Amino acid sequence: MGKYDFDLFIIGAGSGGVRAARLASKLGKRVGIAEEYRFGGTCVIRGCVPKKLMVFASSYSKIFQESAGFGWDYKEHLFSWNKFSKSMNSEIDRLEGIYNELLISSNVKIFQQKAKITSSNSVILNDKTVVTSKYILIATGGEPLKPDIEGGDLTITSDDIFNLQHLPQKMVIIGGGYIACEFASIFNGFGTEVTIIYRGDRILRGFDNDIRETIEKSFLKKGIKIINNCFPSSIKSNKSKLELQISKKSQMQAQIILSAIGRKPNIQNLGLDKLKLNLTKEGAIKVNKFQQTSQKSIYAIGDVTNRLNLTPVAIRDAAALIDTLFGEKKRSPDHKLVPTAVFTKPEVGTVGLTEKEARENFTVKIFKTSFSSLGSRIKNNQEKIMMKLVVCNRTDKILGCHIVGDGASELIQIFGISMKMGVKKKDIDSTCAVHPTIAEEIVTLS
């Protein structure tokens, strides 16, 4: 067995932890992994996957309405939350089973219990078993925050929303980031009356201003209420409803209040205080460019490091780490030009610099269009598609791409590839369009 029980012991079986486990085991290393909840982590169990299933489900109300313009006649549009919940949970169970099987087939030793680090090379499990390892990897992800106000515990979070027993008639969402906007869009599609309360001046802080403006206008047209520059002072329970105090003289009522004010690194009860691991001011585990903590044998990847909190990034973090620990050459993860999407209706796709960020360091040209898609008038959908390129005036290199509209998430993935390769505006201009498509607009921008 050697000096240690394992070559690598991982705490957390989310996307990053599972990828690290499988890659290390494939190289012939002895790998153990501990997970106190369910395999798959936030993304599979209470994040990206069930959320995207909700997006699909909530989209049909609009599809049914728009189909009338194309000659379809549906007498009733009835949605069953119970039927959908069963289907969604069945799919999550299936995917969790796949993650479990992937670990088993990779000869990874699974410990389905909480692990706490006791030294730089050992952990203790809930059943008091002590396990030693040459390297320890923390991949415990993040967890949602609740507002620090009176009655803040009466809110639910994105962890809870997939387990609702009934579809709410009225919902208030506190927050204006991508999680808040996605669930506002989803429940609006289900027919719930949705209000967003956001402390900033406009939702989707950090995104390009044209994206923010386009989504806010779209939400308002759909009936989603937005109260900016506001934060609730208290929440109280009143029989079957919750009362939200938003100013001295103003109250709101809702069946459900969703807290979407952000997430924090999940470092509770990991034993980090005894190890004196260095943390960032936000409470994340501080790592160097090779994802090593202040303890040489302990590493951390993914959301628990609060660098770029996206599932694909955690997976790439894992691959870089295994190369560093067991490969021929150390490798740091590449967090530059990462494309991302917001699964609102309409969708958002973005990669690179916003116009504001670009203007701080470059002289830029802006190429932008806003248009209606083919068939939009027939289906009585006046929603505009927005496309925008931020281009360096000196080098002609594309610095940012921002899209709002159907298929934005798919388009931005492909555009991310071209930007990684250093695409210039002249390269886009020289590409022949595919007609009639939404995508052709990106190569005809002038």
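Farther than 18 Å from GLY14 by Cβ, within 19 Å of the chain's Cα centre (by Cα) and surrounded by 16 or more Cβ atoms within 10 Å (Cβ to Cβ) - does that describe any residue in the range 260-270?
Among the residues of the range 260-270, at least one is farther than 18 Å from GLY14 by Cβ, within 19 Å of the chain's Cα centre (by Cα) and surrounded by 16 or more Cβ atoms within 10 Å (Cβ to Cβ), which makes the answer yes.
Considering VAL434, VAL338, which residue is closer than 18 Å to LEU204 by Cα, assigned to a loop (DSSP other than H, G, I, E, B) and of a type in the set (A, V, I, L, M)?
Of VAL434, VAL338, the one residue that is closer than 18 Å to LEU204 by Cα, assigned to a loop (DSSP other than H, G, I, E, B) and of a type in the set (A, V, I, L, M) is VAL338.
Only residues in the range 186-207 that are within 20 Å of LEU353 (Cβ to Cβ) count as the first member; pair them with residues that are assigned to a helix (DSSP H, G or I) and basic (Lys, Arg), Cβ under 6 angstrom, at least 6 apart or cross-chain, and list the lot.
ARG202/ARG212; LEU204/ARG212
I'm checking my understanding of the structure. Among residues of the range 353-403 that are of a type in the set (Ser, Thr, Tyr) and surrounded by 17 or more Cβ atoms within 10 Å (Cβ to Cβ), which one is modelled with the highest pLDDT?
THR354
For SER294, which of the numbered conditions (1) out of contact with any Ser or Thr (no Cβ under 8 Å at 6 or more places or on another chain); (2) within 30 Å of ARG205 (Cα to Cα) fails to hold?
(2)
Look through GLU101, GLU76, GLU91 and report the one residue that is acidic (Asp, Glu) and touching a residue at least 24 places away in the same chain (Cβ under 8 Å).
None of the others qualify; the one that does is GLU91.
Among the residues that make up the range 16-35, is at least one of them surrounded by 14 or more Cβ atoms within 10 Å (Cβ to Cβ), under 24 Å from PHE343 (Cα atoms) and at pLDDT 95 or above?
Checking the range 16-35: at least one residue is surrounded by 14 or more Cβ atoms within 10 Å (Cβ to Cβ), under 24 Å from PHE343 (Cα atoms) and at pLDDT 95 or above.
Have a look at LYS345, LYS289 and point out the one that is of a type outside the set (Asp, Glu), in contact with a Ser or Thr (Cβ under 8 Å, 6 or more places away or on another chain) and not assigned by TED's automatic domain parsing to the domain that holds LYS52.
LYS345
Considering only residues that are charged (D, E, K, R) and part of a helix (DSSP H, G or I), which ones fall in the range 386-411?
GLU410
Can you name the condition, by its number, that GLN253 falls short on among (1) over 25 Å from PHE64 (Cα atoms); (2) surrounded by 15 or more Cβ atoms within 10 Å (Cβ to Cβ)?
(2)
The values are calculated or read from the model by the stated rules, or taken from the named source; none is laboratory data. All values derive from a computational prediction rather than experimental measurement. Methodologically, a virtual Cβ is constructed for each residue, glycine included, from the backbone with ideal geometry; neighbour enumeration extends over all protein chains shown.
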